[in-house]
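The values are calculated or read from the model by the stated rules, or taken from the named source; none is laboratory data. Keep in mind the model is a prediction, meaning the values are calculated, not measured. Here the Cβ positions follow ideal geometry from the backbone for every residue, glycine too, while neighbour counts run over all protein chains shown. Side chains included, ligands, DNA and RNA excluded: accessible areas come from the protein's heavy atoms. Shrake-Rupley method; radii C 1.70, N 1.55, O 1.52, S 1.80 Å.
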Amino acid sequence: MANIDLAERSVILVTLDSCRYDVAASAHTPNLANLGPLLRAESPGTYTLPAHAALFNGFLPRPVSGPLTVDGNKADSIWRSSAARPSTRHAAVPFDGSTLMAHYSRKGYRVVGAGGVTFFDSSNPANGLPKLFPEFHYFGHPFRPSATPRARVADRGEDLPLAHTRMLADLCLEAERFFLFVNCSSTHIPYTTPFSPLTKRNKELIQRLYQLHDSQQNASDDDLLTAEDIEVLLDMQRRALEWADTRLGDLFSRLDARRPLVVVCADHGEEFGEGGRFGHAHPHPTVATVPLWCGVLGGE
Ligand SMILES: [Zn+2]
């Protein structure tokens, strides 16, 4: 039991949407720390769509420190698609399907996806990512192009996928082996969770941040945030991550008897004015640098 091949294990894959590496390094996340050390990694995508397209083809954010150690196994990467160009680098789980989901489905796993940011809204026919799953659950609100920053700033609870760990774990446990993907939206703007509720001050700051995200380089001086304002916003993302950690602790405790392989990373980070812009979908080290944890749950 101690040494099940990583390729035969159930899988939990979680993306902490928009979570910055420095926020993760300063947060209290005991359940993530139990998986293994926090690794600094570089994402192949600057926003949700390309980052997940790469991820679902096995291209995780790459740790800058080199090979990974998972459950005593050293590997250059966890997954490696046969679509990748030839390499002598060692992958723990080589696969030849078009996506991880196709690979695990073909092996008879129960494949379940859950999401919270609008790229995962399965009711929108333009969204390709949820279609890659035989079963997908979207918990966020539908995207409304006309939504004003004021309308987008709201407290969140049941519309966060990790509020539904019991339901997701029960689906996984119906099968002998499972592949569970969760896109965690708590760390995405507006960063609101039960640990980071709206206040008069942060509400106004998040509205200004939405305006800066939308306007990109066209922000006028009046819209700019002070260093102190930015600290308030980064602290909201930190608290949103700490809320996700407690919910992941609940999910892990429900599934650890199956001893799954677990990978948790951000899809991309977020810039808070370090290079003059705010948000993501543009190349900047704060956007490309993301946190990554991996490990195996359970054990003797
Ligand atoms: Zn994203």
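Some points to look at:
- Qualifying residues in region 73-91 (those that are outside any strand (DSSP E or B) and touching a residue at least 24 places away in the same chain (Cβ under 8 Å)) - the one surrounded by the fewest Cβ atoms within 10 Å (Cβ to Cβ): 83
- Every residue from region 11-27 that is within 15 Å of the ligand (Cβ to nearest atom), hydrophobic (A, V, I, L, M, F, W, C) and out of contact with any strand residue (DSSP E or B) (no Cβ under 7 Å at 6 or more places or on another chain): 23
- Residue 96 vs. criteria among the charged types (D, E, K, R), open to solvent by less than 20 Å² (accessible area, probe 1.4 Å) and in contact with a helix residue (DSSP H, G or I) (Cβ under 9 Å, 6 or more places away or on another chain): no
- Test: residue in region 247-270 that is without any contact (Cβ under 8 Å) to a residue 60 or more places away in the chain, within 16 Å of the ligand (Cβ to nearest atom) and open to solvent by less than 20 Å² (accessible area, probe 1.4 Å): no
- The single residue among 144, 150 that is assigned to a loop (DSSP other than H, G, I, E, B) and either open to solvent by 10 Å² or more (accessible area, probe 1.4 Å) or among the acidic types (Asp, Glu) (or both) turns out to be 144.
- Residue within region 269-288 that is in contact with a strand residue (DSSP E or B) (Cβ under 8 Å, 6 or more places away or on another chain), within 27 Å of residue 8 (Cα to Cα) and among the aromatic types (Phe, Trp, Tyr) present: no
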